[in-house]
Amino acid sequence: KLPPGPPPLPLIGNIHQIFGKDVHLKFCRWSKEYGRLYTVQLGNKQALVISDPKCLKDLFNLPASLGRYKTELFNVIANGNHGIVNTEGKVWTEQKNFCAKTLKCFGLGGSSRASLEPVVLSEIEEVLSDLRTQLKSSKSGIETASLLEHIKRYNCNIMWKIISSGGNEEGKSECDNRAAKLSRDYLDGMARAVTTGLAFLPWLKYIAPEWSGYNLLKRTADEVHTLVIEQLNERRKDFVEGKGKDIMDAYIEKLNLCDDPKSSFYGELGLQNGISAMLELVVASGETTPHTINWLMLYLAHHQRAQQKLCDEIDRVIGKDRMPSLLDRQNMPYYEAVLQESLRFSAMVWMSIPHELTEDIEFEGYTLPKGLILLPNLYYIHHDPVIWGDPEKFRPERFISEDGSFIRNDVMMPFGTGKRLCFGEGLARDIMFLFIVRFFQSAQIFPESLDMLPDFSAQFGFLLNAQPFKVAIKWRK
Ligand code: HEM
């Protein structure tokens, strides 16, 4: 017996009710009506929606919930079941552990921290310099700019450096020209696939491939696969063992050395897994990190007091003459609170990435069958009035204690929870910290005019993104 939920229609189930925009709000209304666990029917599949943080944690810590529901959203980029996001069992464990380890090594927060931090800071200087030039040449005389494209370029340049360019200039232009656009196109395809229902009705790809977003996903995935294969083959030619400088090198070495036919790194399958895993890193980071920074910018343009408090903290901890360093983070509780509140309020990855049960289990008095889709209602969890009191208010102070320190709150799960949570969290937090802190060390932002900033309603898709907006920028002395 499964928990109750909205009554389904024959064949399509509840799909007609979750079609179109703002579906996250519909799921929240059902959470209020049916409670912390309810069932929806998505075509021929049943899904359990979990809207309670403790239930979600308990469930996602069980090995049976580590399966992944294979939607077209990731099938195409994973070229079937390769890589990390779309795999389970041995392949998932091996690929995820390897990627997480190499990210630590070549990302910002690990052994290469000392070498990558200045590179990241110089990327930020470039964004600031571009903004200065753009604003000077603005004919209208109003110094306004949309920041999102700049932030995406910054993030993508860094990701591409970590994955495939080892920080050289060539990699950067490659990224600018192709990978950034491809990851954006792919995310657009994913957004379309969520609103058209393709995410849960795979047969739509046969009857409406263009309209459903499938063709966009497929075209983009094919192109980006070619891009990575080209690079990988080029690199393999003159690869020197032990001299790896990025994730692609680490993969080449691993593939070259693997002689165990049972390993997910072996032979042609190993190559497929490696390519999919690297692409998934680009896709998984390409929009999430920039849109989180973008939401934070929008909130701070609205909330000038919070912005001023952040600037004061930056001045106090870092000052005006020195560049920020990741080590400063531990001394900046208000920054941490602003970011945390932005992650909570936007609840950008609103339904996480669906899981699927790999075996029957007993849970909370119900028998949950193998194959059941698991949908974490992260939007509801981050907006539940019982937990937050005033969830519709942007209020970083909810994460600050009386003595001014940062309050960790276990209910926050913007990166998911359990054994399958996002392993890019550390890197995302590092990339965001350096950008946000250096930006507000240099500038302050204001609404273009009071009625020009959008409200906080989101553009609905796989992610909840802010509506396009511009801000006025004032450089700080
Ligand atoms: C603010 C930025 C980010 C947010 C909010 C975010 C959030 C999430 C969430 C909610 C999941 C689903 C977890 C689950 O399945 O239970 C996820 C998975 C994932 N994320 Fe992130 N993420 C962010 C940045 C990144 C970055 C920078 C990377 C790569 C370096 C990354 C790589 C991944 C991968 C590969 C998965 C799939 C993990 C798996 O299937 O085991 N993410 N992320």
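Brief remarks on what is shown
- Ordering of 342-354, 265-277 by burial proxy (mean other Cβ atoms within 10 Å per residue, highest first): 342-354, 265-277
- Cα gyration tensor shape for the range 399-445, rounded if a/c is under 1.5, else prolate or oblate: oblate
- Here the contact order of the chain, divided by its residue count and restricted to Cα pairs under 8 Å and six or more residues apart, works out to 23 percent.
- Listed by chain and number, the aspartates and glutamates whose alpha-carbon sits under 20 Å from that of K309, ignoring those within fewer than 8 places in the same chain, are D321, D328, E336, E341, E397, E402, D403.
- Straight Cα distances below 14 angstrom link K54 to the aspartates and glutamates E364, D384, D410, with same-chain residues fewer than 8 positions distant left out.
- Helix-only [θ]222 nm of the chain, DSSP H runs n ≥ 4, -39500 (n - 2.57) each, per residue, nearest 500: -15500 deg cm²/dmol
- Proximal aspartates and glutamates relative to K205, as straight alpha-carbon distance under 13 Å, when same-chain residues fewer than 8 apart are discounted: E72
- Shape of the range 230-366, Cα gyration tensor, a/c cut at 1.5: oblate
- Estimated at 0.36 nm per residue, the fully extended path between C105 and K1 surpasses their Cα-Cα distance by 32.8 nm.
- Three-way shape label, the chain, alpha-carbon gyration tensor, a/c 1.5: oblate
- With each label modelled as a point 7 angstrom along the Cα→C-beta vector, the E210-N233 pair spans 3.1 nm.
- Contour excess over end-to-end distance, with Cα ends at K320 and K54 and 0.36 nm allotted per residue: 91.5 nm
- For peptides 156-162, 358-364, 214-220, sequence by mean Cβ density within 10 Å, most packed first: 156-162, 214-220, 358-364
- Here the contact order of the range 263-335, divided by its residue count and restricted to Cα pairs under 8 Å and six or more residues apart, works out to 17 percent.
- Net dipole in debye of the chain [+1 Lys, Arg Cβ; -1 Asp, Glu Cβ; about Cα centre; nearest 20]: 400 debye
- Efficiency of FRET between K136 and K474 - r from beta-carbon atoms, R0 22 angstrom, step 0.05: 0.95
- Inter-part distance where the range 211-286 and the range 417-477 are each reduced to a Cα centre, Å: 30 Å
- Per-residue HN-Hα couplings for the range 428-443 [Karplus 6.51, -1.76, 1.60; θ = phi - 60°; Hz; x = Gly/Pro]: 4, 5, 5, 4, 5, 4, 4, 5, 5, 5, 5, 4, 7, 6, 9, 8
- Taking 0.36 nm per residue of separation and subtracting the current Cα-Cα distance, fully stretching the chain between W203 and E126 would add 23.2 nm.
- In this calculation the C-beta distance from L327 to E359 is compared with R0 = 60 Å, giving a FRET efficiency of 0.85.
- Using R0 = 45 Å, the C-beta based FRET efficiency linking N44 and E392 works out to 0.80.
- Counted charge near R395, where neighbours are those whose Cβ lies closer than 13 Å (Asp, Glu -1; Lys, Arg +1): +1
- Low-density loop cleavage sites - GluC sites (Glu not before Pro) in the range 203-247, where at most 15 other Cβ are within 10 Å (DSSP): E210, E241
- Out-of-range pairs (alpha-carbon distance over 22 Å; input K45/K370; K152/K320; K1/K70; K161/K237; K218/K470): K152/K320; K1/K70; K218/K470
Just so you know, all these numbers are worked out from the coordinates, no wet-lab data involved. Since the structure is predicted, the reported quantities are computational estimates derived from the model, not experimental observations. Glycine gets a Cβ as well: all are built from the backbone with ideal geometry, and neighbour counts include every protein chain shown.
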